[in-house]
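Heads up, the thing below is written out as structure tokens.
Every read-out reported here was derived from the displayed coordinates using simple, explicitly stated rules and does not represent laboratory data. Treat the numbers as computed from the prediction; the structure is a model and nothing was measured. Positions of Cβ are generated from backbone atoms using ideal geometry, with glycine treated the same way; all protein chains shown enter the neighbour counts.
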Amino acid sequence: MFFKRYIPLAVLSASLAACGGAGVDQAEPSSNISGSAEGSESLPAFRVAQQVDDAPASTTRTVSSMADATMATVTVSTAAVQSTSATATRAMWSWFDSDIATVAKQKSMLDFAAQRKINIIYVHSQSLLGKPALLAGFIDRAAARSVKVELLFGAPEWSRAENHHLALDILKRANAFVAGLTGARPVGLHFDIEPHGLPDWNQNQVSLGNQLIDLYTKMKAAHRSGLYLNADIAMGYEYVPITRNDVTRTLSHWMVDTVDRTTLMAYRDYAMGADSITSHAEHPISYALTKGKQTMVGVETTCNLEPAKITFCEEGYSRMESNVASVNTLFGTNAGYGGMAFHDYRALRALKR
């Protein structure tokens, strides 16, 4: 069974000294989308499937190396070197080609982004790479309105070693697209590859996790200079220990190590307290800080998801923004914090006030 329990850093640090690491339970699935939904107007089944979200009565986080133990003691106050610009960084996933299929629709999305103060859009681009003029036009229009674009791709099956070539081919096509641009350019390539969406995840977490890191290692070597590589992290990956070259870290840590930046899908509808947005985000952000990198914090707005606590659908826009403000207050001076991300354009647009 998957779970999402958070262990406070202070408790974790104290326990590490006593036991030198502890057991890890299984990770929680995060509702997200496959890159295989080209041109589809409905989300893939695994994107909207119910999460198994019952936490066991007692859980323990593993941090096996001394480097990780040191990282766990980092506090927000030690990271005050950052300006508050991260609190103004707001990103949004967009998964449907039809949402930017015409100039009018592109302007509508950018108008909405301005209203919601969105300044980065993760645009699903797998099939749009076959429509380069359309995609390039959107990037130009976004840049004219000070909105950055990341090209978004993803499918859980890409994590398997035998499918790595599929993801690397997409990356090669994205590199070629960017090389041919004469106007504005995307700032990054964004991959949402979630092996917990595979049917054998429960039985093969370590193997699949290692294969995922192998893939991101290949991507980091192959992606075009001048574009950063961003990867989505399900918050349950913080509880999956992976050993590589005799070093054991959590899957989320290996992802932070491997790519340029990460987006943590901290899908809860309350900012503070146990099992909250900030409780799940604190450790990945602190780890990113030690690596000189940043982690964005994502929230969900899609309706009809279970359990209800993973989405702000029921609470609405005003309540969500109040919680986002609390996240920014806590992490705003932490150089490991990259800002907020909202899933996704259609759901956010429909979110009640």
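Given H placed 1.01 Å from N in the peptide plane, which residues other than close sequence neighbours of residue 341 have an amide H under 5 Å from its amide H?
Here 91, 297, 298, 299 satisfy the definition.
Using the alpha-carbon centroid of each, what span in Å lies between region 262-284 and region 161-218?
Going from one Cα centre to the other spans 24 Å.
Along the Cα→Cβ direction, 7 angstrom out, place labels at residue 291 and residue 157. What is the inter-label distance in nm?
2.8
Using label points projected 7 Å from each Cα along Cα→Cβ, tell me how many nm separate residue 321 and residue 272, to one decimal.
2.0
For region 205-353, what does the equivalent ellipsoid look like in terms of its semi-axes, each the square root of 5 times an eigenvalue of the Cα gyration tensor, given largest first in whole Å?
28, 16, 16
Checking the cross-link filter: which lysines have an alpha carbon closer than 20 Å to that of residue 117, excluding same-chain neighbours under 8 positions apart?
Once the sequence-local lysines are set aside, what remains near residue 117 is 105, 107, 148, 352.
Given axes a ≥ b ≥ c from the Cα gyration tensor, I'd like to know whether region 153-228 is rounded (a/c under 1.5), prolate (a/b larger than b/c) or oblate. It would help to have the intermediate numbers written out before the result.
Working: a/c = 2.80, a/b = 2.58, b/c = 1.09.
Prolate is the answer for region 153-228, as a/c is 1.5 or above and a/b outweighs b/c.
Residue 352 versus residue 243, label points 7 Å from Cα toward the beta carbon: distance in nm?
5.1
Quick one: P(r) of region 116-270 from all Cα-Cα pairs, 5 Å bins, percents rounded to integers, in order of increasing distance.
Calculated over all Cα pairs of region 116-270, the distribution is 2, 9, 18, 21, 18, 14, 10, 6, 2, 0 percent.
Determine ³J(HN,Hα), in whole Hz, for all residues of region 102-118 in sequence, where each value follows from phi through the Karplus function 6.51 cos²θ - 1.76 cosθ + 1.60 and θ = phi - 60°; x replaces Gly and Pro.
Karplus-based 3J(HN,Hα) across region 102-118 equals 9, 4, 4, 5, 4, 5, 4, 5, 6, 4, 4, 4, 5, 4, 9, 6, 7 Hz.
So which lysines pass the test for residue 172, namely a Cα distance under 17 Å, with those fewer than 8 places away in the same chain ruled out?
Within reach: 131, 218, 220.
Given a Förster distance of 45 Å, report the FRET efficiency between residue 207 and residue 179 from their Cβ-Cβ distance, rounded to the nearest 0.05. Intermediate values should be presented prior to the final figure.
Numbers: r = 35 Å, r/R0 = 0.78.
E between residue 207 and residue 179, to the nearest 0.05, is 0.80.
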